[in-house]
Amino acid sequence: MDQKAAKRGRPRRGPDAERVQEVLDAAADAFLANGYDATSMQCIADTVGIMKGSLYYYVASKEDFLFQIIEPAIASALEAVAPLQEDPSAPLDRLTDFVRSHVLFVAANLRTFRIRLREFSQLSPQRQSQLSQGEDAYYGVLMGILQDGLDSGDVDPAIDLRVTSVSIIGMLNSMTEWYSDDGKHSPQELANQLGGMVLTSVGSDAAMTSTGGIEALRRRPRNRRPTAPAT
């Protein structure tokens, strides 16, 4: 076999992982700064310093960039909270852990969350459905914790599981509009404050009494074991 034939027979090597991340970072920065519609493939290529045609070595379309930016974050966020479904801790403690995990994850992945909230509708219906499956599972973890709290009497029996879950995550996601790395409070401090707000919003009268009152319930997250920041 001659050398040319041998080269043709070799499997093509995929792009270097570090280079792939560099290109994805450039796309994410452009989407966040300009918006998805206003970002061209040429803009992304110029940021990376390559020819526009070279981008198609990494993706087939601009939408692929958007999907590849969002999908891993949803999967990682779900992976972080999934163990809470089997955790034997009290429901309010698991609720504290869920809030903390979400806050720390948003703080560590602020750019990606902002893009998800602003540009999700740019994805095809098929890809929206694919991502929604992961997000539904994420909501399912929270709803399961709240249901356990209802069963144990720690959560106010008047709540609606779906409405409460959407409201909690909506409040936590609002961090994308006001959180800053150089702000007054650290992510851990914010997790404690927001966790206290959630507990006092959904905690039952019995839970407040057993904890020592509403202020004690509000401070409960501060006494919960710390969680390492998500990446």
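The values are calculated or read from the model by the stated rules, or taken from the named source; none is laboratory data. What you are looking at is a predicted structure, and each value in this text was computed from that prediction instead of being measured. Note that each Cβ is placed from the backbone with ideal geometry, even for glycine, and that neighbours are counted across all protein chains shown.
Couple of notes before you dig in:
Residues are listed down the side, and each one gets a yes or a no for (1) charged (D, E, K, R); (2) buried (at least 17 other Cβ atoms within 10 Å of the Cβ); (3) under 21 Å from Ala73 (Cα atoms); (4) over 20 Å from the mean Cα position of the chain (by Cα):
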{"position": "Val20", "(1), (2), (3), (4)": "no, no, yes, yes"}
{"position": "Val23", "(1), (2), (3), (4)": "no, yes, yes, yes"}
{"position": "Gly35", "(1), (2), (3), (4)": "no, no, yes, no"}
{"position": "Thr39", "(1), (2), (3), (4)": "no, yes, no, yes"}
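- Meets criteria (in a loop (DSSP other than H, G, I, E, B) and either outside the structural domain of Leu110 (by TED's automatic domain parsing) or surrounded by fewer than 18 Cβ atoms within 10 Å (Cβ to Cβ) (or both)) for Gly170: no
- Selected residue (only one of Ser121, Ser165 is modelled with pLDDT of 95 or more and closer than 24 Å to Ala82 by Cβ): Ser165
- Residues of the stretch 52-63 satisfying the condition of being in a helix (DSSP H, G or I), closer than 19 Å to Glu119 by Cβ and free of Cβ contacts under 8 Å to residues at least 60 places away in the same chain: Leu55, Lys62
- Close pairs (6 angstrom Cβ cut-off, 6 or more residues apart or separate chains): under 21 Å from Ser124 (Cβ atoms) in the stretch 37-51, not in a loop (DSSP other than H, G, I, E, B) anywhere: Thr39/Ala30; Thr39/Phe31; Met41/Lys52; Met41/Leu55; Met41/Lys62; Ile44/Ala26; Ile44/Ala27; Ile44/Ala30
- Neighbours by Cβ (under 6 Å, 6+ apart or cross-chain): first from the stretch 83-102, without any contact (Cβ under 8 Å) to a residue 12 or more places away in the chain; second buried (at least 20 other Cβ atoms within 10 Å of the Cβ) and assigned to a helix (DSSP H, G or I): Asp87/Arg94
- Leading residue by the ranking (farthest from Ala137 (Cα to Cα)) among those in the stretch 79-108 that are surrounded by fewer than 18 Cβ atoms within 10 Å (Cβ to Cβ) and in contact with a helix residue (DSSP H, G or I) (Cβ under 7 Å, 6 or more places away or on another chain): Asp87
- Residue in the stretch 122-141 that is outside any helix (DSSP H, G or I) and surrounded by 15 or more Cβ atoms within 10 Å (Cβ to Cβ) present: yes
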